[in-house]
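The values are calculated or read from the model by the stated rules, or taken from the named source; none is laboratory data. Because the structure is a prediction, the values reported are computed rather than measured. Positions of Cβ are generated from backbone atoms using ideal geometry, with glycine treated the same way; all protein chains shown enter the neighbour counts. SASA here: full protein model, heavy atoms, side chains in, ligands and nucleic acids out. Shrake-Rupley method; radii C 1.70, N 1.55, O 1.52, S 1.80 Å.
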Amino acid sequence: MNFLEERIAKDGIVKEGNVLKVDSFLNHQMDIELLNEIGKELKKRFEGKPINKILTIEASGIGIACVAAQYFGVPVVFAKKAKSINLEGEMYVAEVESFTHKCKNQVIVAKKFLGEDDHVLIIDDFLANGCALQGLIQIVQSAGASVEGIGIAVEKGFQSGGRIIRNLGYQLESLAIVESMDSENGTIYFREQ
C-alpha cells in the first residue's frame, strides 16, 4: 500500500452511491505534506517529459496542481467553471459533466494561457467517469498543445473513466486506484499497481 492509499484507508469515508469523502486531507482541508508527496511522486512518474505547463480544473485540483508545479518548475493554469467579468479575450471552452455534483458545466481557459508550444500535464484530484479529463484534453487539443500525461490522485477503478482515458492512448498515472468500496462497513479495496 502506498502513502496515499494508506491515508485514504485511514481517513477516507465511504458514503452510499460510490462516494469517497477525502475532504479532511485532500480536497476541502488539504494536508500540505501529503500534497508534497503527491507532487514528488507525479514528478517521478513523468520524469523526462517536456512539460512546461500544468492544467487542472477548479476547484479541487488546484491545490494538488500548485504543489506539484513546484517540482516541475512550471506555471499552473486552471479551467474556470464560470465566466466572470475578469476573463477577457478569446477563450477555449469545453462542456464537462461532474460525477460528484451531478451537473454539466462549461469550463473555460483564456487562449493567452495555452498555445501550440505548450506541453501539458493535466492534474486532478479524482477520476470517475472521465468527463472532466475529456474536457481538459479537448481544451489542450483546441490550443494545438500536446498532452504529455495525466496525473490523478484518486481513481475510481470500478468506473469507466480510467479505461476510457487509457484507451485514448494517454499516459495516465493514478496514485491510488480504488477497486471497490463498501459503504455498509466502510471498507476500501485498492487495485494492485
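The table below gives the values:
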read-out: LYS49, LYS10, LYS156, reordered so the largest accessible area comes first (probe 1.4 Å); value: LYS10, LYS49, LYS156
read-out: Shape category assigned to the range 1-147 from the gyration tensor of Cα positions, a/c cut at 1.5; value: oblate
read-out: Exposure rank, largest accessible area first [TYR92, TYR170, TYR71, TYR189; 1.4 Å]; value: TYR189, TYR71, TYR170, TYR92
read-out: With Cα atoms, 0 to 90° folded angle of helix 60-72 axis to the chain main axis; value: 70 degrees
read-out: Calculated [θ] (222 nm, deg cm²/dmol) that DSSP helices of n ≥ 4 give over the chain, each run adding -39,500 (n - 2.57); value: -8500 deg cm²/dmol
read-out: Per residue accessible area of the chain, 1.4 Å probe, in Å²; value: 50 Å²
read-out: Solvent-accessible area of PHE126 with every protein chain in place, 1.4 Å probe, in Å² to the nearest 10; value: 50 Å²
read-out: Neighbour net charge for ILE123 - beta-carbon separation under 15 angstrom, K R +1, D E -1; value: -3
read-out: Carbon and sulfur %, accessible surface of the range 91-184 computed with the full protein complex present, 1.4 Å; value: 42 percent
